[in-house]
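Down below is the structure, laid out as structure tokens.
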């Protein structure tokens, strides 16, 4: 939360880095770890499981979000703080926004990681700025009326 002292922040960041080492040690995936904190308590932890789960979306932040949401039995982690061993990629940053986190702390910047790995995520981030029909993987609307009807019915049922 906003008033956490530097000592607590360092403690949580060290835990995220420890989880990133764990991911490599056990062979789960790349060195990315994450801790989610609310009211100065860890409510979720995660590390990269992409390799072991054959899941390219199993990033440390996603794993931590899934674990925290299950533990708290909620889809919102409003006000939580995120501690990541690396600056979140676009997918993880979007998930962090969706859950309503209040702040993100990260160790290494993604620009450093991209320079080391030559990572395709940087290319993806640039590509997503293009109109959908001009992307590397073009997207096109199909049966939009049918799909919209289902969405609208669902939305009306929520009210």
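The values are calculated or read from the model by the stated rules, or taken from the named source; none is laboratory data. Small disclaimer: the values here were computed from a predicted structure and weren't measured. Positions of Cβ are generated from backbone atoms using ideal geometry, with glycine treated the same way; all protein chains shown enter the neighbour counts.
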Take the residues in segment 9-28 that are in contact with a helix residue (DSSP H, G or I) (Cβ under 9 Å, 6 or more places away or on another chain) and at negative phi; name whichever of them is surrounded by the fewest Cβ atoms within 10 Å (Cβ to Cβ).
26
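Okay, residues lined up against (1) touching a helix residue (DSSP H, G or I) at 6+ places or on another chain (Cβ under 9 Å); (2) at pLDDT below 95; (3) surrounded by 12 or more Cβ atoms within 10 Å (Cβ to Cβ):
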position	(1), (2), (3)
45	yes, no, yes
70	no, no, no
75	yes, no, no
80	yes, no, yes
96	yes, no, yes
105	yes, no, yes
131	no, yes, no
138	yes, yes, no
Would you mind stating whether residue 6 is surrounded by fewer than 16 Cβ atoms within 10 Å (Cβ to Cβ) and farther than 19 Å from residue 102 by Cβ?
no
Just to confirm my filter: which strands (runs of 3 or more DSSP E) fall fully inside segment 20-108 and include at least 1 residues that are over 14 Å from the mean Cα position of the chain (by Cα)?
33-38, 41-47, 103-108
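Considering segment 31-51 alone, what residues qualify as being over 15 Å from residue 79 (Cα atoms) and touching a strand residue (DSSP E or B) at 6+ places or on another chain (Cβ under 9 Å)?
31, 32, 33, 34, 45, 46, 47, 48, listed by residue number.
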